[in-house]
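Only one structure is covered here, and it is reproduced in the block below.
The values are calculated or read from the model by the stated rules, or taken from the named source; none is laboratory data. Predicted model, so just to flag it, every value in this text is computed and none were measured. We place every Cβ from the backbone using ideal geometry, glycine too, and count neighbours over all the protein chains shown. Note: accessible area is taken over every heavy atom of the protein model, side chains too, but ligands, DNA and RNA are not part of it. Shrake-Rupley method; radii C 1.70, N 1.55, O 1.52, S 1.80 Å.
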Amino acid sequence: MAAIVDDSRLNYGKMGYGCEHYRRRCKIRAPCCNEIFHCRHCHNESTKDHHELCRQEVETVICLVCDTEQPVSQVCLNCGVNMGEYFCNLCKFFDDDIEKGLYHCDECRICRVGDKENYFHCKKCGTCYSVYLRNKHSCVENSMKHHCPICYEYLFDSLRYTKVLKCGHTMHSECLDDMINHEQYTCPICYKSVIDLSRLRRKYDEEIEATLMPEDYRQRKLTLLLSTVDDDLVLSVHTGISILP
């Protein structure tokens, strides 16, 4: 069946259909369970056995305008609407919200958000990072191909914003903010500092200086090897005072 070519129909219903994850004018039939869902996230969130849909394996879609089931393509074969203003035939992905700056990364093998010119693919980290991080981040092999250490959601294709820490490990930005708000200042994976702790260290130094130390311990010093992105520090420590890395 040939697709109807009618430019006046292409934009019909644009941004008027979809789910909480994407604006699109079609549903997909999951090849793994033969059920119909708005998107792979809707599928993954609803399955009782927690199996996940492989986006590249989707073969058929259902137009939400005319309810016609058909092979994957951008334009509906029956009514001629764009089922997604953005369409990737590799990922079988549709989205009407093109303001996201969607693009396909051949090396990640998935579609990403943020305009291609704003990102580069780091081969060692195995993912796309902002161009501002080019030659300015610590490489960790496959840094995004693991779960967020706070909420345990898989990071590589997560819809939520991700933060690259100074140590090179990654987590969701909101999870990092929540962690810092709870006064946790080290990476949950390697325990290195995630923020500049110099002010906090000065505060602790002032508390130590203001605390009277027994005479027998005043000249003693301990050399500590700290898990921190800073250089090793030689600190004068008071018994009972905790020193953050």
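Numbers below:
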{"read-out": "Aspartates and glutamates whose Cα lies under 12 Å from that of Lys100, excluding same-chain neighbours fewer than 8 positions away", "value": "Glu85, Asp115"}
{"read-out": "Cross-link pairs Lys136/Lys203; Lys124/Lys163; Lys27/Lys116; Lys92/Lys124; Lys116/Lys136; Lys124/Lys145 - those with Cα-Cα distance over 22 Å", "value": "Lys136/Lys203; Lys27/Lys116; Lys92/Lys124"}
{"read-out": "Given charges at beta-carbon only (K, R positive; D, E negative), |dipole| of the chain in Debye", "value": "420"}
{"read-out": "Helix-derived mean residue ellipticity, 222 nm - over the chain, DSSP H n ≥ 4, -39500 (n - 2.57), to 500", "value": "-3500 deg cm²/dmol"}
{"read-out": "Euclidean distance of C-alpha centroids, the range 13-29 and the range 123-187, integer Å", "value": "29"}
{"read-out": "Principal-axis tilt of helix 198-209 within the chain, Cα atoms, nearest 10 degrees", "value": "30"}
{"read-out": "Trypsin sites (Lys or Arg not before Pro) within the range 10-110, DSSP loop, no more than 14 other Cβ atoms inside 10 Å", "value": "Lys48, Arg109"}
{"read-out": "Candidate values (1) 50, 47, 39; (2) 92, 39, 28; (3) 77, 33, 27, label of the one derived for Cα extents along the principal axes in Å", "value": "(2)"}
{"read-out": "For the range 7-100, accessible area per residue (1.4 Å probe, heavy atoms of protein chains only), Å²", "value": "51"}
{"read-out": "Top positive-direction residue, dipole computed over the range 7-100 with Cβ charges, set His41, Cys91, Met15", "value": "Met15"}
{"read-out": "With DNA, RNA and ligands ignored, accessible area of Cys76 (1.4 Å probe; Å², nearest 10)", "value": "0"}
